[in-house]
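One structure is given here, and the rest of the page talks about it.
Any read-out appearing in this document is the output of simple, stated calculations on the displayed coordinates, not a laboratory observation. Only a predicted model underlies this, so the values are computations on that prediction, with no experimental measurement involved. Glycine also receives a Cβ, built like all others from the backbone with ideal geometry; neighbour counts cover every protein chain displayed.
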């Protein structure tokens, strides 16, 4: 089959490559001519504009968006919309908020599939996990492409109606935050604890047969191998946080307590606190003087 | 009545003063001659040694220990023991672990009262809160002194048998950690939040009629008045932690979840982390590269 | 001075009473004729409608709304708006979200004061704590009324511009959740712990001189006195949660971690979980069979 | 080589089988004659007593204990000790506390290897992960057996001196608690949330290529396949908790905050609370009446 791909960053290129490798045709476009050229080198047909891409596609258009979540999706849809009708299918493979996806699905005449995509750059080789929301017929139509982009038939499924794909991906990321922090707590305790341990050896031993083995733990093993047992110059600053924040917001809405996900998100916030430190702790420090005349620790200025 | 007081630091001096003010006699001893002299100036009889102090007391000896929790209590009891019999009463007014108190009560021929003392230096004026464990007759005997040292009859009570006084005091301190951190979170959000607020005004307004008014909030108000709305040079470092740790340990033993007390204690630990930062966050930072090729934040060296 | 009061529930009646007691005039209106009559009995002039109330007020109108947060405030403002001009002042004394208050302040020609009110029914006697946001001149104009409704001049202050009053009140409530849960953890540990304690005695002893003494702890003391040391039939179900949810949402927005407030809110959610229990725990139960062949605990059906 | 195995429960039988399968000789003993007979059927030589087992072993004895952690280990060592000298090696493959292991290593003339074993019954097929502490020469001597019992050479390593093997295993289990709860939170949110989802499909899709794929997630997938998307009659009661408790205790000792591990442990405690519910929440329920006259939810009796 034939797939149009809009957005040719690292992830978009993987979509192009895996779709081509499976024997399908790809028409590719990116605002950057360089990125478009890179896709062409992989064997895709290139387009100069969205109009040009649409032109190059068959009547029943199948288009995969891999553009940054947010305004870029809406802007792309603005450009696409005049060229689409009810037979066409648009896939949003980015990290959009599920409520945006629901809104977009309602607005568009074409079928809209929100497709949570997990696996990162490593997906190039093994394929992604794809969580898809939207109309069943559209999901069925795209199945050959999903088979190609995912790890195979087990690596994608239709979660439910519009929005459900990005919803499940959002929760996936919330869990991801908590898993990272859980491993982090374990390794922190081992690092500060009683024994002088080789963290790579710990991670490798765990990855071979232990209950907590996982892909994230393989990444821990790799991190210790590359950075050393004490993580060298890696800073105590965890960036990102939007999908974790969405997860907690939705959990508030649903009145479901998610203390681990919340704690993991809070560690990110805490790692980026103002340079004079956390206000809450500074107040606690001062209060200990207030009730117990304990000496106040002071910052050097 | 007549009270021997051993240990004449800040808290011991308050015990001496309030007991004298209530019209009782005090014999005072401290390893520091200076501290003993200070008690003498307040109107106490002074003793040169524990043997000397015991000599100066009536037959039915009532002795208040206000020495640092730990070995100092055992050392003092070692010295006292030969001079005591079953008619005598020893009060431990310090922050001893309840299991030490139970052990000491069993070991001693004399009655032993473990007396959790709260209120800090401010208690000089208004009196302390005293949580007492041990035999009822001994508690009754000491009531005149407890009335004097506490805020009055409502400021002390017998909690139960040996150990229960220090047990209730331990839990008091666990709650104290959580309250401090709870106020801290509120003020931190106000400080980092949308409005430029005068924290002293906030605290004062709350202290006058709001649901969350408290003595700790009065100390917050005082802190903001003295340090300014941004707490000036007060550092993000919260010292101490032993009674909070005991509380969590006991809660583990009893299988009672205390997430707020634990989180407050964890903030103290976190405020004293190694200078390269929290290992768990450093690992999370690095893992984000592992699965998403997000740039790794690095420490400058 | 003269004050119009709209909304005469429990809190509105207290506003009426305290304003009258301070020697001011009140014109009162509620959708319930009964409530209006009750205010009249207190000495207020009554009005039959909002139009009637506005009519009865002097040229420079000062009107206090004490209606439920949400649509009722907007509906009341819809009715008031045609009668107001830039010299007039409207106070919203309810628990509105600060963003609603900011929007309303912008929409209205009259000055708008958002006034967070804390103290509950007990405020009838001692006065409330009032956290006020909005234009300085309007706050100054209303000061005599604030003096009367609050505990006095220290019981109210202008926090800042529009929205800041309800913002500070929102954070107040978040802290309140955490304080309640912190005391709860302490008493739970004492209740499940090693000694058979009289909780009222514990609370009373703490309230007299201990560091953690507070109004909430006085309410604990009252609760144990009235319900008994084991709280009798009081159920494990904590209702409410909107202002705590707002606090956490705002903290997410500001990227400020509030683990204690979050944990306290989570306990409320958890206390209202489905009757088959928490899904997360049920999965953990089952997973223990998966990796360790531990017997699965089953619900009786 | 030749290995004595004492303790022939589920895990001990796997040790016997995998050691035999690798071509080594096994002498097996269990207090239960039935269990000993089962090992004999697998091809092991059987012993009637510990003395008998020791008799059957070569001069340089290598003995693997797979008995329940606690007194059973000490009792077995009491029986073994007279028969051992400095050339012999004892492996404790159970879940002993690391401080017990350190103590036992000191007490014994023979070399003592504390060997944390993870993988559960599933290890029968694929082998375990073995975290070993103790003298290097003893670890080297046992390597052929470790290769057989573990997944292979990568599935075991010497962590460090005595105690370090069980230390790393203890932390492994703490992390395990947190991972289980992290997945649980995600699935709970999906279960209570906006969409009607097939949990097995979610887990399977995640397990194929997603960042959070893991063995525990495969067990989730299996659980949903076998119990259904709503987990059927699986109860909200999570048993166990000792190794998680040890982890938190050690983290307190090391002053390392482990909020996720603690929260996961707390959920276990919470899932086993008294039938009238959590005291902390009951108090919060009652306090809401105290300050706001909110109706008190009551238990039916």
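Separation between the residue D:294 and residue A:272 pseudo-spin-labels, each 7 Å from Cα along Cα→Cβ, expressed in nm?
For the pair residue D:294/residue A:272, the computed spacing is 3.3 nm.
Taking all pairs of different Cα atoms in the stretch D:169-292, averaging 1/r and flipping that mean, what Kirkwood radius in angstroms comes out? Before the final figure, lay out the partial values.
Numbers: mean 1/r = 0.0600 Å⁻¹.
It works out to 16.7 Å.
For the pair residue B:109 and residue B:230, how long in nm is the line joining their label points, each one 7 Å along Cα→Cβ?
6.6
What do you get for Rg/Rh over the stretch B:131-178 if you use C-alpha atoms and the Kirkwood form of Rh?
Here the Rg-to-Rh quotient is 1.02.
Between the helical axis of C:164-192 and the dominant principal axis of chain C, each derived from Cα atoms, what acute angle in degrees is found, rounded to the nearest 10?
Value to nearest ten degrees: 30.
Helix C:242-253 versus the longest principal axis of chain C: what angle, 0 to 90°, nearest 10, using Cα atoms?
Tilt of helix C:242-253: around 80 degrees.
Can you give the calculated 222 nm mean residue ellipticity of chain C, where each DSSP H run of n ≥ 4 adds -39,500 (n - 2.57) and the sum is split over every residue, rounded to the nearest 500 deg cm²/dmol?
-16000 deg cm²/dmol
Which order do A:246, A:64, A:206 fall in if you start with the one that has the fewest other Cβ atoms within 10 Å?
Sorted ascending by nearby Cβ count, the order is A:246, A:64, A:206.
Taking the alpha-carbon set of the stretch D:104-143, what are its Rg and Dmax in Å?
Computed over the Cα atoms of the stretch D:104-143, radius of gyration and Dmax are 12.2, 35 Å.
Measure nothing fancy, just the Cα-based angle from helix B:279-292's long axis to the longest principal axis of chain B, in degrees from 0 to 90, nearest 10.
20
Once the convex hull of the alpha carbons of the stretch A:98-250 is built, what does its volume come to per residue, in cubic angstrom?
Cα convex hull per residue, to the nearest whole number: 139 Å³.
Where does each of B:273, B:118, A:214 land when they are ranked from fewest to most other beta-carbon atoms within 10 angstrom?
B:273, A:214, B:118
Between the stretch A:206-281 and the stretch C:78-152, how far is it from one alpha carbon centroid to the other, in angstrom?
Between the Cα centre of the stretch A:206-281 and that of the stretch C:78-152, the gap is 42 Å.
In bins 10 Å wide, starting from 0, what share of all Cα pairs of the protein assembly as shown does each bin hold, as a percent?
2, 9, 15, 18, 19, 17, 11, 6, 3, 1, 0
How much of the DSSP beta bridge set in the protein assembly as shown is antiparallel, as a percent to the nearest 5?
Rounded to the nearest five, the antiparallel share is 20 percent.
If I stretch the segment between residue A:58 and residue A:81 completely, what's the gain in nm (0.36 nm per residue apart, minus their alpha carbon distance), one decimal? Numbers along the way, then the final one.
Values: separation 23, 0.36 × 23 = 8.28 nm, distance 1.60 nm.
Fully extending the segment from residue A:58 to residue A:81 adds 6.7 nm.
Per-residue mean of other chain beta-carbon atoms within 10 angstrom of the beta-carbon, peptide D:213-221?
Numbers: counts 7, 9, 10, 8, 5, 2, 8, 4, 1.
Partner-chain Cβ atoms within 10 Å, mean over residues of D:213-221: 6.
What are the extents of the Cα atoms of the stretch A:7-48 along their three principal axes, listed from largest to smallest and rounded to whole Å?
That gives 25, 18, 13 Å along the principal axes, largest extent first.
Using Cα centres only, tell me the gap between the stretch D:10-62 and the stretch B:1-70 in whole Å.
Between the Cα centres of the stretch D:10-62 and the stretch B:1-70 lies a distance of 69 Å.
Starting from the Cα of residue B:136, move 7 Å in the Cα-to-Cβ direction to define the label point; list residues of the stretch B:154-172 whose amide nitrogen is under 13 Å from there.
Residues B:158-161 qualify, since their backbone N sits under 13 Å from the label point.
Nm distances between the label at residue B:33 and the same-position labels in the remaining copies, 7 Å along Cα→Cβ, shortest first?
Its label point is 8.1, 9.1, 9.5 nm from the equivalent points in the other copies.
For chain B, give the share of DSSP beta bridges that are antiparallel, in percent and rounded to the nearest 5; count only bridges with both residues there. Mind showing how you got there, number by number?
Numbers: 5 of 28 bridges.
DSSP beta bridges in chain B are roughly 20 percent antiparallel.
Would you mind listing the distances between the residue D:137 label point and the same position in each other copy? Use 7 Å along Cα-to-C-beta, nm, one decimal, shortest first.
Result, one decimal in nm: 6.5, 7.9, 9.4.
Over chain C, what is the relative contact order in percent, taking alpha-carbon pairs closer than 8 angstrom and at least six residues apart?
Relative CO of chain C lands at 11 percent.
Once the convex hull of the alpha carbons of the stretch B:1-109 is built, what does its volume come to per residue, in cubic angstrom?
89
At 7 angstrom along the Cα-to-beta-carbon line, where would the label on residue C:125 sit relative to the other copies? Give the distances in nm, shortest first.
2.5, 7.1, 7.4
Can you say what percent of the DSSP beta bridges in the stretch A:1-157, counting only those with both residues inside, are antiparallel? Round to 5.
Beta bridges within the stretch A:1-157, antiparallel portion: roughly 20 percent.
Using a/c under 1.5 as the rounded threshold, could you call the stretch D:173-212 rounded, prolate or oblate? The axes a ≥ b ≥ c are square roots of the C-alpha gyration tensor eigenvalues, and prolate needs a/b larger than b/c, oblate otherwise.
oblate
Note down the Stokes-Einstein diffusion coefficient of chain A in µm²/s, whole number, using a Kirkwood radius over alpha carbon pairs, 37 °C, and 0.692 mPa s.
Value of D from the Cα-based Kirkwood radius: 151 µm²/s.
So which residue of A has the beta-carbon closest to the axis that swings A onto D, and how many whole Å away?
Residue of A nearest the axis onto D, distance in Å: A:214, 2.
How many nm separate the modelled label positions at residue C:192 and residue B:99, each set 7 Å beyond the Cα in the direction of the Cβ?
Distance between the two pseudo-spin positions: 1.9 nm.
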